[in-house]
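Here the structure comes first, spelled out in structure tokens, and everything after it is commentary.
The values are calculated or read from the model by the stated rules, or taken from the named source; none is laboratory data. Quantities reported herein were computed from a predicted structural model and do not represent experimental measurements. We place every Cβ from the backbone using ideal geometry, glycine too, and count neighbours over all the protein chains shown. These accessible areas exclude ligands, DNA and RNA; they are computed on the full protein's heavy atoms, side chains included. Shrake-Rupley method; radii C 1.70, N 1.55, O 1.52, S 1.80 Å.
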Amino acid sequence: MGLADDVLDGLTRPFKELPPKHLYDARGSELFEAICSLPEYYPTRTERALLVEHADTIVGDAAELVELGAGSAAKTRVLLDTGRVRRFVPFDVSPTALDETLAAEYPQLDVLPVTGDFEADLDRIPGGRAGFPRLVAFLGGTIGNFLPGTRRGFLRGLAGTLGPDGRLLLGAGLITDVDVMEPAYDDAAGVTAAFNLNVLSVVNAELGADFDLSLFEHVAFFDPVNEWIEMRLRARRAHTVRVAALDLDVPFERGEELRTEISTKFTRERLEADFASAGLVLDAWYEDADARFALAVARVG
Ligand code: SAH
Ligand code: AVI
């Protein structure tokens, strides 16, 4: 669904919600990049260290790398640096100029970027090439941004993209100390707060809404029952927002919260169960010494 449908659907629910993909306009993507370097945001550096340590084994005989939610593909370069990948398909909802940048960095690499929604447009991934075993990477813990049922359906769809001899490389945040997880989503410099609030600017710009960002505050907490971090925006006082393009008035009560993202944290058992329900089996598992983040490699079972 596009932004208009998501806003109409999400802001007229009794518990308001917007899907996280709308966080990533140009400014949102920049803010996400800034989050990745924050001292509190451990997932990026932890995942990068795992990739550096295991890149050779992970790439194996793969000649094609498809990356969903690639963003700036910063960590992906670790896989490309093995020199074995011949074709790279970065897939993202937010368009990038990756083909030009990467063509200069990796002259032997064929780069075929796809702009699309990975929940709806997996069929836009170009067909595989004979003799080019495929590795589909989904890094950063983005799998955690799906609700559980949607996640399993999505993994089933992904299994269908692997092709013969294909493998899936999944980065996933693990359940760790709340004192580690929560600050990662509520940093001292306020970058995550700006990232979260930016979704309101997206709705203002795209749909002529009049959200006043100063009337909302960033909220992030670990929900121990669902085992996910939840990001919300809380109204500081009662007011009504007009969304002109939808001819919609959205009332907020004082203290009312709008959910903008969940970020599920996993156990190995939980991921293996998800894989099984999608017809996938775990091939390899790598986690850091503090058990905060894991890379899982899976194939069709
Ligand atoms: N893989 C990178 C970026 C993660 S941020 C890393 O690990 O650092 C999540 C990325 O997924 C962003 O680039 C965002 O634009 C993209 N994204 C979010 N929802 C998406 C969707 N529904 N379809 C395609 N891309 C999406
Ligand atoms: C992209 N995704 C995995 C990030 C996460 O950690 O859930 C997005 C993010 N949200 C707040 N900080 C980072």
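Observations on the model:
- Within the set Ala49, Ala62, the sole residue that is at pLDDT 95 or above, open to solvent by 10 Å² or more (accessible area, probe 1.4 Å), small (Gly, Ala, Ser) and over 14 Å from Val111 (Cα atoms) turns out to be Ala49.
- Count - residues of segment 204-217 that are in contact with a helix residue (DSSP H, G or I) (Cβ under 6 Å, 6 or more places away or on another chain), within 12 Å of Val7 (Cβ to Cβ) and of a type outside the set (Gly, Ala, Ser): 3
- Where strands (runs of 3 or more DSSP E) fall entirely within segment 225-268, those with at least 3 residues that are under 26 Å from the mean Cα position of the chain (by Cα) are at 228-235, 257-264.
- Taking segment 20-46 as the range and being within 14 Å of ligand 2 (Cβ to nearest atom), of a type outside the set (Lys, Arg) and open to solvent by 40 Å² or more (accessible area, probe 1.4 Å) as the test, the residues that pass are Tyr24, Glu30, Phe32, Glu33, Ala34, Ser37, Pro39, Glu40.
- In a residue-by-residue description of segment 26-42, the property of being among the polar types (S, T, N, Q), in a helix (DSSP H, G or I) and in contact (Cβ under 8 Å) with a residue 40 or more places away in the chain applies to at least one position.
- Among the residues of segment 143-157, not a single one is open to solvent by 30 Å² or more (accessible area, probe 1.4 Å), among the charged types (D, E, K, R) and assigned to a loop (DSSP other than H, G, I, E, B).
- Screening the candidates Ala103, Ala62 for the property of being out of contact with any Cys (no Cβ under 8 Å at 6 or more places or on another chain) and part of a loop (DSSP other than H, G, I, E, B) yields one hit, Ala62.
- Qualifying residue in segment 167-177 (condition: within 14 Å of ligand 2 (Cβ to nearest atom), open to solvent by 30 Å² or more (accessible area, probe 1.4 Å), among the polar types (S, T, N, Q) and within 25 Å of Leu50 (Cα to Cα)): no
- Count of segment 65-77 residues which are part of a helix (DSSP H, G or I) and within 16 Å of ligand 2 (Cβ to nearest atom): 1
- There is no residue in segment 200-217 that is open to solvent by 30 Å² or more (accessible area, probe 1.4 Å), modelled with pLDDT of 95 or more and under 18 Å from the mean Cα position of the chain (by Cα).
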